[in-house]
Amino acid sequence: MIPKSHPRYESLLLRDKMVKASKKGYLADSAMIAHGRGEAFDYLIGERTTYPAKRAMYVAVAALLLSNNPVISVNGNATALAVEEIIELANSVGAKIEINLFYRTDDRVKIITQIYKDLGYDKILGTLDDDIEYLNDIKNNRASTSKTGIYSADTVLIPLEDGDRAEILKKSGKNIITIDLNPLSRTSKMSDVSIMDNIVRAIPFMTKIAEDLKTQDKQVLMEIVNDFDNEKNLKESLEQIKLKE
């Protein structure tokens with residue numbers, strides 16, 4: 001019972017989602033640490049969607065719409081925080097959704113699979129029944145990918161994930177989009193489009209953008225993507241961090 005008058009109401013709601021997801025058994029033990037790190041960066045940017053983040057989101061959506069096989073990679077944290085919004089975005093841009101976990105266990109995969117199916121999304125990839133291929137040069141469980149999903153994808157959206165996989169996926173020729181509140185992370189630096197924003201704000205906003213960009217010509221979408229400089233945008237993102245006295 002969190003009163004709406006509480007000054008940290010929205011933040012506490014997200015924490016509560018994480019606690020409930022942990023009790024259900026589909027979060028890794030370190031999930032709270034990862035969430036807390038992102039929450040700290042969100043606090044520093046005033047818990048708002050900045051202009052550089054919005055710019056990156058337009059580019060990300062344009063790239064997803066231009067792709068032949070776009071995939072949204074999800075883990076326990078992303079599922080806990082924005083599962084319904086992720087499904088809506090996937091449907092809007094014609095992307096697949098794939099479960100990909102660092103601490104992968106059969107139980108966690110089963111629970112997350114069922115969450116998506118219970119919400120009417122029965123096309124979830126990366127399940128125990130999926131046809132799995134393994135990415136070279138990744139020495140952890142994230143090397144396992146769906147043959148029709150991340151393994152063969154041309155564009156991958158990997159929110160809340162790790163730098164080594166972003167780097168390997170990029171080296172394999174894929175277009176990498178990330179949602180990461182830390183503009184200094186290897187994930188942000190290795191990606192083609194880095195969105196410094198909270199996933200709970202970014203995913204719904206990207207869906208709204210998609211409804212607009214779907215009406216645009218392919219040439220317009222290509223110009224949006226080609227005119228974007230991720231390194232420059234990350235620098236502007238970093239400037240959004242304000243230390244309060």
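The values are calculated or read from the model by the stated rules, or taken from the named source; none is laboratory data. Small disclaimer: the values here were computed from a predicted structure and weren't measured. Quick reminder, even Gly has a Cβ in these numbers, built from the backbone with ideal geometry, and neighbours come from all protein chains shown. Ligands, DNA and RNA are stripped out before the accessible areas are found, and what is left, the full protein with its side chains, is counted by its heavy atoms. Shrake-Rupley method; radii C 1.70, N 1.55, O 1.52, S 1.80 Å.
Quick notes
- Those residues of the stretch 26-74 which are polar (S, T, N, Q) and touching a helix residue (DSSP H, G or I) at 6+ places or on another chain (Cβ under 8 Å), in sequence order: THR49, THR50, ASN69, SER73
- In the stretch 227-245, residue surrounded by the most Cβ atoms within 10 Å (Cβ to Cβ) [restricted to those that are hydrophobic (A, V, I, L, M, F, W, C) and part of a helix (DSSP H, G or I)]: LEU234
- Filtering the stretch 88-98 to residues that are of a type outside the set (Gly, Ala, Ser) and either touching a Leu at 6+ places or on another chain (Cβ under 7 Å) or at pLDDT below 95 (or both) leaves VAL93, LYS96, ILE97, GLU98.
- Filter pass, MET32 being out of contact with any strand residue (DSSP E or B) (no Cβ under 7 Å at 6 or more places or on another chain) and either of a type in the set (D, E, K, R) or free of Cβ contacts under 8 Å to residues at least 24 places away in the same chain (or both): yes
- Taking the criterion of being aromatic (Phe, Trp, Tyr) and not in a strand (DSSP E or B), the residues of the stretch 112-134 that qualify are TYR116, TYR121.
- Among the residues of the stretch 103-115, those identified as closer than 15 Å to ASN77 by Cβ and of a type outside the set (A, V, I, L, M, F, W, C) are TYR103, ARG104, ARG108.
For every residue, the table says whether it meets (1) open to solvent by 10 Å² or more (accessible area, probe 1.4 Å); (2) touching a Lys or Arg at 6+ places or on another chain (Cβ under 7 Å); (3) within 16 Å of THR178 (Cβ to Cβ); (4) in contact (Cβ under 8 Å) with a residue 24 or more places away in the chain.
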site: PRO52; (1), (2), (3), (4): no, no, yes, yes
site: LEU65; (1), (2), (3), (4): yes, yes, no, yes
site: ALA78; (1), (2), (3), (4): no, no, yes, yes
site: VAL83; (1), (2), (3), (4): yes, no, no, yes
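- Here ILE111, ILE87, ILE45 are screened, and the one residue that is open to solvent by less than 60 Å² (accessible area, probe 1.4 Å) and in contact with a strand residue (DSSP E or B) (Cβ under 9 Å, 6 or more places away or on another chain) is ILE87.
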